[in-house]
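What follows is one structure encoded as structure tokens, with my remarks underneath.
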Amino acid sequence: MGRVTRWLDEDEQRTWRNFLAATQLIDEALDRQLQRDAGMPHAYYMILVALSEAPERSMRMSELAARARSSQSRLSHAVARLEERGWVRRERCPADRRGNFAVLTDDGFATLATAAPGHVEEVRRSLFDALTPEQVRRLDEICSAVRNTLEG
């Protein structure tokens, strides 16, 4: 027998559509702000952040792709664009000739440091300013529950 479809009830449908709209609007606002103020899309900013937090500002490309929730080919294209700007360089992995590291350059780190205050202000304006401290706590619980389920 086929599976029975568990349709969304009215409250779930409203919540689902509000969630989709809110996440899309936040992503668009962050992307606009970073394009305007730093000349980069949000995806590039997240790559720079990941590298800035890694030991020696360096990460295997495969690990960076996983962290950025990106395919290897999409990440490779993004890193190539970041290399053109002088913000990232690739280095061969000495232990694995097929592996590459992405390394955040000093220029890339300076660009990130310049972009970060405006980005944080946009995150605050787009999300946190609309919420009470209790709502922030509940949103954290909700996002953690969803993330834990999906990351399994």
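Rule-based calculations on the coordinates, nothing more; no lab input. Predicted model only: the values in this text are computed from it and were never measured. Note: ideal-geometry Cβ built from the backbone for every residue, glycine included; neighbour counts use all protein chains shown.
Relative contact order for region 80-152: 18 percent, from Cα pairs under 8 Å spaced at least 6 residues apart, divided by residue count.
By the count of other C-beta atoms within 10 Å, a proxy for reagent exposure, 105, 111, 15, 132 are ordered fewest to most as 132, 15, 105, 111.
Residues with beta-carbon under 13 Å from that of residue 35, excluding residue 35: net charge, scoring Lys, Arg +1 and Asp, Glu -1? So the surrounding residues net to -3.
The angle between the Cα long axis of helix 10-38 and the longest principal axis of the Cα atoms of the chain comes to about 30 degrees, rounded to the nearest 10. Using 0.36 nm per residue and subtracting the Cα-Cα separation, the extra length available between residue 31 and residue 6 on full extension is 5.5 nm. Taking the longest Cα principal axis of the chain as reference, the axis of helix 133-151 is set at about 70 degrees. Compared with the direct C-alpha span, the chain from residue 58 to residue 13 gains 11.9 nm at full extension, assuming 0.36 nm per residue.
Candidate values (1) 26, 15, 13; (2) 33, 22, 14; (3) 22, 18, 14 were compared with semi-axes √(5λ) of the Cα gyration tensor in Å computed on the shown model; the agreeing label is (2).
From its DSSP helices (H runs of at least four residues, each -39,500 (n - 2.57)), the chain gives a residue-normalised ellipticity at 222 nm of -22000 deg cm²/dmol.
Comparing mean-square fluctuations of 108, 99, 39 from a GNM of the chain with C-alpha springs under 10 Å, the top value falls on 99.
Axis of helix 106-126 versus longest Cα principal axis of the chain: the two differ by about 10°, to the nearest ten degrees. Short-range pairs are left out: with C-alpha atoms under 8 Å and at least six residues apart, the relative contact order of region 11-151 is 23 percent.
Loop-located trypsin sites (Lys or Arg not before Pro) in region 23-107 (DSSP state not H, G, I, E or B) with no more than 16 neighbouring Cβ atoms inside 10 Å: 69, 85, 97, 98.
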